[in-house]
Structures are given as structure tokens and as C-alpha cells.
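Okay, handing you the structure first.
Just so you know, all these numbers are worked out from the coordinates, no wet-lab data involved. Computed from a predicted structure; not experimentally measured. Heads up, the Cβs are rebuilt from the backbone with ideal geometry, glycines too, and the neighbour counts pull from every protein chain shown.
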Amino acid sequence: MNIRVTYGEALRQDTPLLAIGAWEAEGLPRPVAELLEDGDWAGTFKRTLILYPRGALPARRVLLVGLGKRG
């Protein structure tokens, strides 16, 4: 397994898997939010969701990781 950390605009990365940490009750970037249906994601602590953008983003998969409530 290769893990690479890259600095830059996350949603522009051409990668097999893009992991995004998301806080509960806070919005996601628009291109990611457009891949979801209502109720699919809440950002609950330790919850994950895999998305397949199918060309909407350069990444082949997007992994959302719930960070829970901020603070």
C-alpha cells in the first residue's frame, strides 16, 4: 500500500482515493455535497462514507470521515 500526503487543492487531485475529514453539522465542499442525497451524511464521529464521483472529480473515490462536533 502506498500512502502519499500532498499539499494543495484536495478536490483537484487525480488519485485513487481522496480522504476528507468533515465536522458534524458543517457543510462539505460543493462538488462533494452534490454527490450526496439528503440524509446520506452528517459528519458523525468515526462514521465513514465512500463516494464514487464518476468523473465529477479527478479522484476515483472519495472517503468522507466523520470528525464529530467541532471543539
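I need the full set of residues from segment 18-51 which are over 26 Å from residue 71 (Cβ atoms) and either touching a helix residue (DSSP H, G or I) at 6+ places or on another chain (Cβ under 9 Å) or surrounded by 12 or more Cβ atoms within 10 Å (Cβ to Cβ) (or both), in order please.
Once the filter is applied, which keeps residues that are over 26 Å from residue 71 (Cβ atoms) and either touching a helix residue (DSSP H, G or I) at 6+ places or on another chain (Cβ under 9 Å) or surrounded by 12 or more Cβ atoms within 10 Å (Cβ to Cβ) (or both), segment 18-51 yields 31, 35, 51.
Would you check which residues across segment 29-39 are out of contact with any strand residue (DSSP E or B) (no Cβ under 6 Å at 6 or more places or on another chain) and outside any helix (DSSP H, G or I) and list them?
Scanning segment 29-39 gives 29, 34, 36, 37, 38, 39.
Per-residue answers, yes or no, for (1) in a helix (DSSP H, G or I); (2) of a type in the set (Ser, Thr, Tyr); (3) touching a residue at least 40 places away in the same chain (Cβ under 8 Å):
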site: 6; (1), (2), (3): no, yes, no
site: 20; (1), (2), (3): no, no, yes
site: 41; (1), (2), (3): no, no, no
site: 44; (1), (2), (3): no, yes, no
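Mind checking whether some residue in segment 57-68 is among the small types (Gly, Ala, Ser) and not in a loop (DSSP other than H, G, I, E, B)? Steps first, please.
Looking only at segment 57-68, we keep the residues that are among the small types (Gly, Ala, Ser), and these are 59, 66, 68.
Retained after the next criterion (residues that are not in a loop (DSSP other than H, G, I, E, B)): 66.
Yes, because at least one residue in segment 57-68 is among the small types (Gly, Ala, Ser) and not in a loop (DSSP other than H, G, I, E, B).
Condition first: in contact with a Lys or Arg (Cβ under 8 Å, 6 or more places away or on another chain) and among the β-branched types (Val, Ile, Thr). Can you find one or more residues in segment 27-49 that meet it?
No, segment 27-49 has no match at all.
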